[in-house]
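A quick write-up on the structure given underneath.
Bear in mind that the values in this text are calculations on the coordinates, not laboratory data. Being a predicted model, the structure only gives us computed values, none of them experimental. Cβ coordinates were reconstructed from backbone atoms using ideal geometry, including for glycine residues, and neighbour counts include every protein chain displayed.
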Amino acid sequence: RSAQLLERQSRRESSARTYPRRLPLAIRRASGSFVEDLDGNVFLDFLSGAGVLSLGHNPPEPLAAAHRQLDELVHGLDFPTPVKDEFTDLTLGMLPDAMRDRTKIHFCGPTGANAVEAALKLCRTATGREEIIAFQGGFHGSTLATLSLTGLVEQKAPVRGRMPGVHFFPYPHCHDCPLGLKRDTCAVNCATYLERALTDPNGGIPLPAAVILELVQGEGGVIPADPAFVRRLRELTRALDIPLVVDEVQTGCGRTGTWFAFEQYGIEPDVVVASKALSGLGLPAAVILYDERLDTWAPGAHTGTFRGNQAAFAAGVATIKAVRRDGILANVRDRAEQLTRHLADLRGLTDRVADVRGLGLMLGVELADPVTGRPASDLAARVQREALQRGLIIELGGREDGVLRMLPPLNCTAEEVEIAGRILREALAAALAAP
Ligand code: PMP
């Protein structure tokens, strides 16, 4: 039955569909960390709706809160409502104390890409400047402007996805340094390089409206930015009065073991973009949180019809409360350690495990040829297929999809991580044994 539905849908749906191509699943229902297909097969979901489901599928409290809210008020445009009031408090409450009182929230609607676009517009308005600095390998969305910031070249080429004034710089990926340097002797040359480009009176680039980056590149292959680079970037952008935007669409709302990844880098950004896991339930929600100095928008300067999904707010309130009450951030750190051990053990099976990395429950295994360093894309695709056949859903990403990516629910259990670890090992062994 799953196969029939997959086939029927593929005849009618645009060829841009993504997940079902690699994960041939038609799903009927889900609960917690598990999804069930139309034929009753059950899978452990370590993709979590692309990092959306903090508490797994259909978490009881957010679900009940959304149900109650649906009976009361569904769509609120941007009018104040009691549930939006509570959601605002709790969302701002995810920020460190020192930032909270000077932070404004803007409800964008309703996707991550919408919120990134809002951040760009805000920074352009506030600074009166146009240029934007983004990073190679980054991902910020699929709309034209966000695609222009995306440093994944294959996705942009067919649509000539380039907005004027966007400049790309090397991302501080020390395992595979884009400048060909070694971490202990590099002197954070990537930051110096950027600094020179911004301050060089002859041939540098104009002062930009914003610098935007992911602190862990997700789609780009689960690459945590080098902390020394991030600190230097913060100093530099502060000295030059350039707003620093962190795209925490994927890293935010607890995914990395703190509410936001920037906390672990010891910096305070000017704009934080959050979406995916914000409602916890998979209902669309997206916000930007920004320093009040940037609050220069005229009334109506950035509108949108779907900025007031009350059920998403209700679910978000229940999710944030549950994450706090149940110590979920500590669980993220513990489960991340446990899963990382399993991933590191995969090195014992093959020398094609080039790197194991991530932050919190955003983890990746890079598979590459040990001699040429080329991504082992075929092997990665085989591992994903073998894992699915054994009941585990994982995703691929990075250069030529050579990285196995895992985004389990933040409340996943030690037992579920053991199951995933065992399946991954078996899947890699089977993929290696394939002709
Ligand atoms: N930024 C980042 C870092 C993302 O990972 C994504 C989605 N993968 C987006 C932006 C775009 O979000 P959406 O798909 O909701 O537009």
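Just order 344-357, 271-284, 2-15 by mean Cβ neighbour count inside 10 Å, highest at the front, would you? Please list the in-between numbers first.
On the way: 344-357: 16.6, 271-284: 27.1, 2-15: 10.9.
Top to bottom by mean Cβ count within 10 Å: 271-284, 344-357, 2-15.
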*Two-decimal Rg/Rh of region 1-145 from alpha-carbon positions, Kirkwood Rh?*
1.03
*Calculate the radius of gyration of the Cα atoms of region 89-298 to one decimal place, then report Dmax, the largest Cα-Cα distance, as a whole number, both in Å.*
16.1, 51
_Total formal charge among the other residues, if their Cβ is under 12 angstrom from that of THR296, Lys/Arg +1 and Asp/Glu -1_ = +1
_Residue exposure sequence - CYS412, CYS253 - by fewest surrounding Cβ within 10 Å_ = CYS412, CYS253
*Using only helices, what value at 222 nm comes out for the chain when you add -39,500 (n - 2.57) per DSSP H run of length 4 or more and divide by the total residues, to the nearest 500 deg cm²/dmol?*
-11500 deg cm²/dmol
*State which entries of LYS121/LYS156; LYS121/LYS182; LYS156/LYS276; LYS121/LYS276; LYS104/LYS321 exceed 32 angstrom in Cα-Cα distance in the structure shown.*
LYS121/LYS182
*Which aspartates and glutamates have a Cα less than 15 Å from the Cα of LYS84, not counting those fewer than 8 places away in the same chain?*
GLU72
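So what's the convex hull volume per residue for the Cα atoms of region 90-147, in Å³? The partial results should precede the final answer.
On the way: hull volume 7.2 nm³, N = 58.
Dividing the Cα hull volume of region 90-147 by its residue count gives 125 Å³.
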*Roughly what would the spin-label model give for GLU426 and ARG390, points 7 Å off Cα along C-beta, in nm?*
0.6 nm
*asked:* Just to confirm my numbers, what's the Cα centroid distance between region 146-221 and region 234-258 in Å?
replied: 15 Å
*Can you work out D for the chain in µm² s⁻¹ from Stokes-Einstein, where Rh is the Kirkwood radius over C-alpha pairs, the temperature is 10 °C and the viscosity is 1.306 mPa s?*
71 µm²/s
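If we count other beta carbons within 10 Å of each Cβ, what is the order of TRP259, TRP297, fewest first?
Working: TRP259 23, TRP297 15.
With the sparsest Cβ surroundings first, the list reads TRP297, TRP259.
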_Taking just the alpha carbons, could you work out the radius of gyration and Dmax for region 174-293, both in angstroms?_
15.5, 51
*In whole Å, largest first, what are the principal axis extents of the Cα atoms in region 203-356?*
58, 50, 24
*For the chain, with a Gaussian network of springs between Cα atoms less than 10 Å apart, report the residue from LEU73, LEU404, LEU144 with the top mean-square fluctuation.*
LEU73
